[in-house]
1. Taking the range 139-161 as the region of interest, how many residues are crowded, with 17+ Cβ neighbours inside 10 Å and either on the phi > 0 side of the Ramachandran plot or of a type in the set (D, E) (or both)?
2. For the range 183-192, indicate whether the set of residues that are outside any strand (DSSP E or B), at pLDDT 95 or above, hydrophobic (A, V, I, L, M, F, W, C) and surrounded by 14 or more Cβ atoms within 10 Å (Cβ to Cβ) is non-empty.
3. V235: within 19 Å of V269 (Cβ to Cβ) and modelled with pLDDT of 95 or more, yes or no?
4. What number of residues in the range 83-109 are crowded, with 18+ Cβ neighbours inside 10 Å and small (G, A, S)?
5. Inspect the range 146-161 for any residue being of a type in the set (A, V, I, L, M, F, W, C) and at pLDDT below 95 and give the result as yes or no.
6. Tell me, yes or no, whether the range 196-207 has at least one residue that is of a type in the set (K, R), farther than 30 Å from V235 by Cα and either in contact with an Asp or Glu (Cβ under 9 Å, 6 or more places away or on another chain) or in the same structural domain as P257 (by TED's automatic domain parsing) (or both).
7. Among the residues that make up the range 229-244, is at least one of them of a type in the set (A, V, I, L, M, F, W, C), crowded, with 19+ Cβ neighbours inside 10 Å, at negative phi and not assigned by TED's automatic domain parsing to the domain that holds A54?
Amino acid sequence: MELIDGNQIAADIVAELKAQVSGLPGRKPCIALVRVGEDPASVSYVKKKEKTAAEIGIESRIILPPATITQAELEKLIDDLNADPAVDGILVQSPLPKHLDEAAAFRRLAAHKDVDGFHTLNIGKVAQEDDTGFVACTPAGIMELLARSGTDLKGKHVVVLGRSLIVGKPVALLALQKKAGANGTVTICHSGTKDVASLTRQADVLIAAIGRAEFVTADMVKPGAVVIDVGINRVPDPSKKTGYRLTGDVHFPTVAPLTSKVTPVPGGVGPMTVAMLMKNTLKAFRQNHA
């Protein structure tokens, strides 16, 4: 069993981006990070993105409207960023407060600045295998983890647990593409799937993104499979100072010994998401200044 080290692979990508950005003439790429309100997880994520951007040499513009901002005010803010030639990429941190329409906010972003990859046009470009679009960061990170750990999906049965727009659907589209490292045969399982275990046991590569703590157990995995655990779940644990421990969608202690390769939680897919956001920001800079 080989542990796929997401921390190390993400660090390698950050180092590569730093070298590329340092060689750019003139101004450096700029990402606007919009965080509405004080959700603790969002505060932490935006700080991590700001820190990684600084390490690479990418400018980050942190915009902190109050939690009481109206939909119209948020959309005006996005319009202003869309029109600002000094901003190459825009990220609206999810989740937004309940009174705001998150999908409408994502649609408001200019597609060529949508470095999170959630705009309808960018998702469509993934389906059409058009490389000018931006791929959502977590699915892009999964594909990088597979490629850099020596896993070629060609001819492999890839089973994706989950059908979200953030992970499940786009990673299935990426695995299907007629490209080096892809060309997989893809099955998507979800809450309406009958006998999920009978399908996951067929997987050469299992991507678990269902959002249920330790859902995947040893009896659901084929020996020798590659398992990518996308889940980040908080499970109560009185022995921890925080009162909880982080775990994935896979029951790691029993599943890991069966696998040929597996990602841990934390330290697997998570670090890749921020690295791929920065990669998208550099891509946006280059396309916007081509």
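The values are calculated or read from the model by the stated rules, or taken from the named source; none is laboratory data. Not measured: the values here are computed from a predicted model. A quick note on method: Cβ atoms are made from the backbone with ideal geometry, for glycine too, and the neighbour counts reach across all protein chains shown.
1. So the count comes out to 1.
2. Within the range 183-192, not a single residue is outside any strand (DSSP E or B), at pLDDT 95 or above, hydrophobic (A, V, I, L, M, F, W, C) and surrounded by 14 or more Cβ atoms within 10 Å (Cβ to Cβ).
3. Judged against the criteria, V235 is not a match.
4. Count: 2.
5. no
6. No: zero hits.
7. Yes, some residue in the range 229-244 is of a type in the set (A, V, I, L, M, F, W, C), crowded, with 19+ Cβ neighbours inside 10 Å, at negative phi and not assigned by TED's automatic domain parsing to the domain that holds A54.
Quick grid of which residues meet (1) of a type in the set (A, V, I, L, M); (2) modelled with pLDDT of 95 or more; (3) touching a helix residue (DSSP H, G or I) at 6+ places or on another chain (Cβ under 6 Å):
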| residue | (1), (2), (3) |
| --- | --- |
| V196 | yes, yes, no |
| F215 | no, yes, no |
| T242 | no, no, no |
| D249 | no, yes, no |
| S260 | no, yes, no |
